[in-house]
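The values are calculated or read from the model by the stated rules, or taken from the named source; none is laboratory data. Note that the structure is predicted; figures quoted are calculated from it, not measured. Cβ: placed from backbone, ideal geometry, glycine included. Neighbour counts: every protein chain shown.
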Amino acid sequence: MSLVLVTGSSGQVGRAVAASLETAGRSVRRFDLVDGDDLRDAAAVRAATRGCDAIVHAGAIAHDRAGTPDDIVATNVLGTWHVLSGAEQHGVGRIVVFSSAQVFGFAEGEGEPVSLPVDDDHPLLASRPYGMSKRLVEQMCDAWTTRTRITTIVLRPVMILDDEALGHVSEDQAELGAFVHLDDVAAAVELALAAGIEGHVRMTLCGPGRFDTARARRLLGWQPSRSWTR
Ligand SMILES: NC(=O)c1ccc[n+]([C@@H]2O[C@H](COP(=O)([O-])OP(=O)(O)OC[C@H]3O[C@@H](n4cnc5c(N)ncnc54)[C@H](O)[C@@H]3O)[C@@H](O)[C@H]2O)c1
């Protein structure tokens with residue numbers, strides 16, 4: 001699996017993932033709006049998928065305050081449609097897709113967890129545009145795998161922090177354990193590309209806390225390397 005298309009390659013996650021994949025010996029094709037490549041442009045996305053062995057789809061409007069509801073749906077939902085469509089057209093067999101733990105519907109006061117710890121079987125209750133867009137992305141991936149047999153591995157990180165941001169996390173966030181380190185996210189992507197998984201799977205990525213990451217541990221052998229040390 002030598003050539004990987006990384007969407008959102010100029011973002012926080014995309015930059016780290018692209019660097020980590022290159023360190024692991026893979027070639028990376030970058031795709032990001034800041035470089036003029038638009039996920040909303042079906043032809044551009046399909047062209048970018050040609051010749052790739054796998055795709056890491058991290059491009060998105062990454063929270064509710066980063067765009068209008070229309071922008072969020074156009075970029076996240078239609079953009080993912082274009083990525084899946086390009087993969088089908090060009091025979092790409094594996095896609096790692098960034099969803100979010102916001103699909104569960106209790107980020108930033110939206111609601112309360114139905115049960116704790118929150119695991120990957122928790123109901124998907126998000127109703128704000130960003131969380132809803134990720135629910136739709138997950139369903140689309142599931143349906144695409146059913147029809148095409150393309151493997152779609154959906155990662156659901158909680159808030160992603162690097163070393164600097166980790167130093168400024170508030171006590172509340174720490175008590176929730178609702179963070180995952182950027183390096184651990186990049187490691188999960190590499191594991192997902194290499195794992196012998198087929199079909200459609202979804203898994204939460206979180207540091208120690210009130211989220212159960214058993215599925216990522218079982219399917220990928222993933223372990224968060226950073227914990228809250230206060
Ligand atoms: N950062 C977090 O805490 C977090 C948590 C959970 C899930 N996620 C998800 O992880 C992924 C990466 O998030 P991030 O933190 O790197 O976000 P980011 O905002 O830093 O990066 C997103 C990138 O997508 C690009 N992009 C936006 N619209 C585009 C378009 N129309 N065409 C092409 N590229 C476009 C942006 O230019 C940006 O570089 C996203 O799918 C996000 O929803 C992030």
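In the set Val83, Val118, which member is in contact with a strand residue (DSSP E or B) (Cβ under 8 Å, 6 or more places away or on another chain), more than 30 Å from Ser2 (Cα to Cα) and buried (at least 17 other Cβ atoms within 10 Å of the Cβ)? It would help to see each step written out before you state the result.
Values: Val83 fails: more than 30 Å from Ser2 (Cα to Cα).
Unique residue meeting the criteria: Val118.
Quick one: which strands (runs of 3 or more DSSP E) sit completely within the stretch 127-216 and have at least 3 residues that are at pLDDT below 95 and within 25 Å of His82 (Cβ to Cβ)? Break it down stepwise before answering.
Values: elements: 151-157, 159-161, 179-181, 200-205.
Because the criterion is at least 3 residues that are at pLDDT below 95 and within 25 Å of His82 (Cβ to Cβ), no strands (runs of 3 or more DSSP E) in the stretch 127-216 meet it.
When residues of the stretch 42-70 are filtered for being loosely packed, with under 15 Cβ neighbours inside 10 Å and within 8 Å of the ligand (Cβ to nearest atom), how many remain?
The number of residues fulfilling the criteria is 1.
Conditions tested, residue by residue: (1) more than 19 Å from Pro224 (Cβ to Cβ); (2) within 13 Å of the ligand (Cβ to nearest atom).
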| residue | (1), (2) |
| --- | --- |
| Gly93 | yes, no |
| Asp119 | no, no |
| His122 | no, no |
| Ser127 | yes, no |
| Asp142 | yes, no |
| Val158 | no, yes |
| Asp163 | no, no |
| Val169 | no, yes |
| Leu182 | no, yes |
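Please determine whether any residue of the stretch 96-107 is of a type in the set (Val, Ile, Thr), part of a helix (DSSP H, G or I) and closer than 25 Å to Glu198 by Cα. Give the derivation first.
We begin by selecting, within the stretch 96-107, every residue of a type in the set (Val, Ile, Thr); these are 96-97, 103.
Restricting the remaining residues to those that are part of a helix (DSSP H, G or I) gives 103.
Next, from what is left, pick out any that are closer than 25 Å to Glu198 by Cα: 103.
Yes, the conditions are met somewhere in the stretch 96-107.
Among the residues that make up the stretch 85-94, is at least one of them closer than 19 Å to Ala188 by Cα and in contact (Cβ under 8 Å) with a residue 12 or more places away in the chain?
Initial filter on the stretch 85-94 (closer than 19 Å to Ala188 by Cα): 93-94.
Checking the rest, the ones that are also in contact (Cβ under 8 Å) with a residue 12 or more places away in the chain come to 93-94.
Yes, the stretch 85-94 has at least one match.
If you check every pair at least six apart or on different chains, which have Cβ atoms under 7 Å apart with a residue in the stretch 31-60 that is over 13 Å from Thr80 (Cα atoms) and assigned to a helix (DSSP H, G or I) first and a residue that is among the aromatic types (Phe, Trp, Tyr) and near the ligand (Cβ under 7 Å from one of its atoms) second?
Ala48/Phe31
In the stretch 5-41, how many residues are more than 18 Å from Ala188 (Cα to Cα) and more than 6 Å from the ligand (Cβ to nearest atom)? Can you show your working first?
Let us first name the residues in the stretch 5-41 that are more than 18 Å from Ala188 (Cα to Cα), namely 10, 29-41.
So of that shortlist, the ones also more than 6 Å from the ligand (Cβ to nearest atom) come out as 29-31, 35-36, 41.
Summing the residues that are more than 18 Å from Ala188 (Cα to Cα) and more than 6 Å from the ligand (Cβ to nearest atom) in the stretch 5-41 gives 6.
Just to be sure, is Val6 in a strand (DSSP E or B) and either surrounded by fewer than 19 Cβ atoms within 10 Å (Cβ to Cβ) or in contact (Cβ under 8 Å) with a residue 12 or more places away in the chain (or both)?
Details: in a strand (DSSP E or B): yes; either surrounded by fewer than 19 Cβ atoms within 10 Å (Cβ to Cβ) or in contact (Cβ under 8 Å) with a residue 12 or more places away in the chain (or both): yes.
Answer is yes for this residue.
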